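Q: Okay, here's the structure, questions in a sec.
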Amino acid sequence: MLPFLIRRLGQAFLVVLTVGLLSFLMFRFVGDPVVSMSREDATVAEREALRESLGLNDPVPVQFATFIGRAVQGDFGISYRNQRPVSDLIAERLPATLELVFAATVLALAIGIPLGVVTALRPRGALSNIVQGVSLVGVSTPTFVTGIMLILLFAVTLRWLPSFGRGETVDLGWWSTGFLSASGWRAIFLPALTLALFQMTLIMRLVRAEMIEILQSDYIRFARARGLPDRSIHYRLALKNALMPVLTITGMQIGGLIAFAIVTESVFQWPGMGLLFIQAVQFVDVPVMAAYLMFVGLVFVALNAAVDVTYALVDPRLRVRG
Amino acid sequence: MRSIPALDNRLRIRGLEVLYGGAAAVDGIDIDAVPGEIVAIVGESGAGKSSVGAALLDLVDPPGEWRASEMTLDGVPIDYKRTHVRGRDISVIFQDPQTALNPLFTVESQLVHMVRHHLGLSQAEAKRRAVEMLDEVGIADPETRVRAYPHQFSGGMRQRVVIALALACRPRLVIADEPTSALDVSVRAQILELIRSICRDRGMACLLITHDMGAVAAISDRAVVMRHGKAVETAPTGQLLAAPTAPYSRTLIAAVPPVDRKIDRFALPDTGAVVSDPSLERWLRANETDAAAVPLAVTGLGKTFGARGFLKRGTPVHALKDVSFEIGRGEIFGLVGESGSGKSTLAQIAAGLLKPDQGEVRLLGKPFSAATPDRALRRYRDGMQMVFQDPFSSLNRRMSVLDTIMEPMHGVPRAEALRLVPALLERVGLPPDVMTRKPHAFSGGQRQRIAIARALAGRPSLLICDEPTSALDVSIQAQILNLLKDLRDDLGLSMLFITHDLPVVRQMCDRVGVLHRGSLVELGATEAVFESPRADYTRALLSYLPHLPELQPAS
């Protein structure tokens, strides 16, 4: 296991470094930071002083090393737009996005897995056909359309749920959560559902395909022949096997959810990372964009590693090797 | 058939039929079994023997259905909705231990789950029973092993776990569906013995469903020979094997290669005279360039898998270690070994498909070693052809028979080829008018004949046969083996014949090498090796094989 972990960490390090290089290049070459940061009427000497103080006259490798060194300490510079440290902005916005992604993942799993199992057990049943048809619509409708339709139905017509924002949040000091207030729960429902729809159909279809295959396998036929009850064959024996690939896909998709969250967050004006990023793009707020890029890269790498380790924990066949 | 009073019967089946959409897989069959008795249901693929087991468990896959005028266990009609419980009263042992166990659950949890459900034992009692069962099926250190996962057992041990699962609730009848077909000979003998002793000790009846006459001979008391869904003969095993009365059982038994004597050709009905075209024979022999060259010489061959290196996984596996032998002109050289012995690796190296790490192969004098450049390989393979194990995957399903056989005929004008292909087909025992058909129109045996015709079309001096009959039924195997022998005699072909099946080796090969964990432990003339083996391993292998009584001439 140890050599495996070392190799994994080595790869992860390289990926993060590459993402860091991309962020840095963006910093360096997308527009001139000095122009964006200084006043319209700044003199050449003032600009030069600023350039010197930002370290932009150093050789490029030295600048890169400084950039990475700062990033490691969580220092991504000052946002051009609101003149506050980027790390502060991220710390403010991160809880909103993570709670949204968490809620969406739970929703996707809680609905996707049972639907997948049910449609696998009766592949030709009426429910199966309906779910399959609806899921096709779910996969092919863009997120912003679903989001707007949901707002129209639940917020505008029925007036059950709010159409934007996070509702009341409770500040725990290091984390501000919407899960401790009723308005927070009401506010997260629509965006989480919007974000979850695609994953839900994906998980449903995956579980269905896996279950159908596993129900044909020898060990399930043997379990039947031993007279074990159908319920425990389906939900205890077969499902555990069918969930192996779901674990991988869900892990990977959480990264995707964070990326998808940009659209959902704009539609619902959810004060998360995605909204921060969209605004940063509009204002060419390079430090925020760079930090977001690094952050998403880090999340993907971390999730990948986590999935590998969990896989080894769940599947005994992968445990002994190393 | 002995007449047994119905009340004594553990199992009594009358007029069982299994239908799949109107076609009868089982067409009115009667079977009886008394406690402690092993009744073999033997037949070739498609005979319907597995459907008997499925019907007994009421697990016939839809749209199939079954009916019987009588089907009772200890006098009570079998009914899984009311009186009987699947797994508790009637259980089953599956064929392949690699796939029959759920990989994500420990052996203990699978055993406990079952006995708790059927017998209502407490968790602690169920755990005790699990350990007891593993002990009973001969797994050493059951207290520790019970907590292991299936992949932590070897193939034979896994089959013992499968048996433990099947028998955990002490069923009155067990259906063993090809319980040893996926196992090596050494393991097979032990598993059969285990089934025998459990049936005897517990008074459990057993239906042994198998195509393997050796297994029938080894442990069954009575045997039912099935063909096309009907029982053609039911008799005590000894009597059936020595003096079968039905013509089909006679053919079937005559096709089984005996291990304890050599027969020249298998006695098969209506084989007919082989059609041999003299011009075809001339063409086939015209390629013999150097009559003096040794067809195949292997010297000090070594191959290791699993490269070592910094942070690389796995330990290296020595697939072959210092293997040397030669095959003479017109000789059939047998290479036997159990799975993992390295025999397929050797076949691939000899065929120039895999490079050796050490040593050298000479094919008709052309050298092949680790240093041989890839571009020299095409020339190296000249004069060699292969016949593979599985005729279903070795033929391109989109190519007609004509195109398949013409493929290795390099530089032969089409008109000439169109004359040669029908002659080749006739030579391997197929009608020449099948040329335009695709492989799906043929049975396994016919496909293997096409594969042999294709190999001949390359005009080889050496034919490498890698388990050429392992995927075939025994009567088809006998036909293919007869054909290969004829080809050797008529064309002077040399053959490297690779198999795990010792009786087949005895019938086919002039000389034999025994591979064990990559080393050649025995090398000699076939009769000498079988009569007085020198290596302990060969002796052990031979001792596992059941001996069939000599077939008495038909009266």
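Q: When you look at B:Leu167, is it away from chain A (no Cβ under 11 Å) and either of a type in the set (A, V, I, L, M, F, W, C) or crowded, with 19+ Cβ neighbours inside 10 Å (or both), yes or no?
A: no
Q: I'm told B:Asn102 meets every condition in (1) at pLDDT below 90; (2) assigned to a loop (DSSP other than H, G, I, E, B) except one. Can you identify the failing condition by its number?
A: Condition not satisfied by B:Asn102: (1).
Q: Could you list all residues from region B:472-511 that are in a loop (DSSP other than H, G, I, E, B) and over 19 Å from the mean Cα position of the chain (by Cα)?
A: Of everything in region B:472-511, those that are in a loop (DSSP other than H, G, I, E, B) and over 19 Å from the mean Cα position of the chain (by Cα) turn out to be B:Gly492, B:Leu493, B:Asp510.
Q: For region B:170-212, enumerate the residues that are on the phi > 0 side of the Ramachandran plot and surrounded by fewer than 19 Cβ atoms within 10 Å (Cβ to Cβ).
A: Scanning region B:170-212 gives B:Arg170, B:Gly203.
Q: In addition: Within region B:103-118, does at least one residue satisfy the condition of being touching a Pro at 6+ places or on another chain (Cβ under 7 Å), without any contact (Cβ under 8 Å) to a residue 60 or more places away in the chain and of a type in the set (Phe, Trp, Tyr)?
A: Among the residues of region B:103-118, not one is touching a Pro at 6+ places or on another chain (Cβ under 7 Å), without any contact (Cβ under 8 Å) to a residue 60 or more places away in the chain and of a type in the set (Phe, Trp, Tyr), which makes the answer no.
Q: Okay, moving on. Can you find even one residue in region B:530-540 that is among the acidic types (Asp, Glu), in contact with a strand residue (DSSP E or B) (Cβ under 8 Å, 6 or more places away or on another chain) and within 28 Å of B:Ser324 (Cβ to Cβ)?
A: no
Q: Next question, about the same structure. Looking at (1) on the phi < 0 side of the Ramachandran plot; (2) at pLDDT 90 or above; (3) exposed (fewer than 15 other Cβ atoms within 10 Å of the Cβ), which is the only condition B:Arg2 fails?
A: (2)
Q: Condition first: touching a residue at least 12 places away in the same chain (Cβ under 8 Å), surrounded by fewer than 20 Cβ atoms within 10 Å (Cβ to Cβ) and within 13 Å of another protein chain (Cβ to nearest Cβ). Now tell me which residues in region B:68-95 satisfy that.
A: The answer is B:Tyr80, B:Val85, B:Arg88.
Q: Here's something else I'd like to know. Among the residues of region B:159-184, what is the count of those that are assigned to a helix (DSSP H, G or I) and either free of Cβ contacts under 8 Å to residues at least 12 places away in the same chain or of a type in the set (Lys, Arg) (or both)?
A: Looking only at that region, the number is 1.
Q: Restricting attention to region A:164-201, report how many residues are assigned to a loop (DSSP other than H, G, I, E, B) and surrounded by 18 or more Cβ atoms within 10 Å (Cβ to Cβ).
A: 3
Condition check ((1) surrounded by fewer than 17 Cβ atoms within 10 Å (Cβ to Cβ); (2) at pLDDT below 80; (3) in contact with a His (Cβ under 6 Å, 6 or more places away or on another chain)) across all residues:
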{"residue": "A:Val16", "(1), (2), (3)": "no, no, no"}
{"residue": "A:Ser38", "(1), (2), (3)": "yes, yes, no"}
{"residue": "A:Pro61", "(1), (2), (3)": "yes, no, no"}
{"residue": "A:Arg93", "(1), (2), (3)": "no, no, no"}
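Q: Here is a further query. Check off (1) among the aromatic types (Phe, Trp, Tyr); (2) closer than 21 Å to A:Thr119 by Cα; (3) more than 14 Å from chain B (Cβ to nearest Cβ) for A:Tyr235 and give me the number that stays unchecked.
A: Failing condition for A:Tyr235: (3).
One line per residue, one yes/no per condition, for (1) in contact (Cβ under 8 Å) with a residue 40 or more places away in the chain; (2) assigned to a helix (DSSP H, G or I); (3) under 21 Å from B:Ile31 (Cα atoms):
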| site | (1), (2), (3) |
| --- | --- |
| B:Ala140 | no, no, no |
| B:Met157 | no, yes, no |
| B:Ser186 | yes, yes, no |
| B:Arg200 | yes, yes, yes |
| B:Leu207 | yes, no, yes |
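Q: Looking at B:Val115 and the list (1) facing chain A (nearest Cβ under 7 Å); (2) of a type in the set (A, V, I, L, M, F, W, C); (3) closer than 27 Å to B:Leu192 by Cβ, which single condition is not satisfied?
A: (1)
Q: I'm trying to understand the selection: among the residues of region B:63-98, which are under 19 Å from B:Arg158 (Cα atoms) and modelled with pLDDT under 90?
A: Once the filter is applied, which keeps residues that are under 19 Å from B:Arg158 (Cα atoms) and modelled with pLDDT under 90, region B:63-98 yields B:Gly87, B:Phe94, B:Gln95, B:Asp96, B:Pro97, B:Gln98.
Q: Right, here's the next one. Could you pull out the residue among B:Asp490, B:Asp466 that is among the acidic types (Asp, Glu) and farther than 28 Å from B:Met213 by Cα?
A: None of the others qualify; the one that does is B:Asp490.
Q: Sticking with this one: Is it fair to say B:Arg534 is in the same structural domain as B:Glu338 (by TED's automatic domain parsing) and within 20 Å of B:Val187 (Cα to Cα)?
A: Taking the combined requirement at face value, the residue does not satisfy it.
Q: Which residue, of B:Ser393, B:Ser400, is of a type in the set (Ser, Thr, Tyr) and closer than 25 Å to B:Asn482 by Cα?
A: B:Ser393
Q: Here's something else I'd like to know. From the residues in region B:146-155 that are part of a helix (DSSP H, G or I) and surrounded by fewer than 19 Cβ atoms within 10 Å (Cβ to Cβ), which one is modelled with the lowest pLDDT?
A: So the residue we want is B:Gly155.
Q: From the residues in region B:291-306 that are at pLDDT below 85 and away from every other protein chain (no Cβ under 14 Å), which one is nearest to the chain's Cα centre (by Cα)?
A: Among them, the one singled out is B:Phe305.
Q: Determine, yes or no, whether B:Glu143 is away from chain A (no Cβ under 13 Å) and surrounded by fewer than 16 Cβ atoms within 10 Å (Cβ to Cβ).
A: Taking the combined requirement at face value, the residue satisfies it.
Q: Let me ask something else about it. Hey, among A:Leu161, A:Leu115, which residue is within 20 Å of A:Val263 (Cβ to Cβ), touching a helix residue (DSSP H, G or I) at 6+ places or on another chain (Cβ under 6 Å) and surrounded by 16 or more Cβ atoms within 10 Å (Cβ to Cβ)?
A: A:Leu161
Q: Within region A:186-226, take every residue that is in contact with a Ser or Thr (Cβ under 8 Å, 6 or more places away or on another chain) and at the interface with another protein chain (Cβ under 9 Å from one of its Cβ atoms) and give me the one that is nearest to A:Arg122 (Cα to Cα).
A: A:Ser217
The values are calculated or read from the model by the stated rules, or taken from the named source; none is laboratory data. In this text the structure is predicted, and so the values were computed from the model without any measurement. For neighbour counting, all protein chains shown are included, and Cβ atoms are generated from backbone atoms with ideal geometry for every residue, glycine included.
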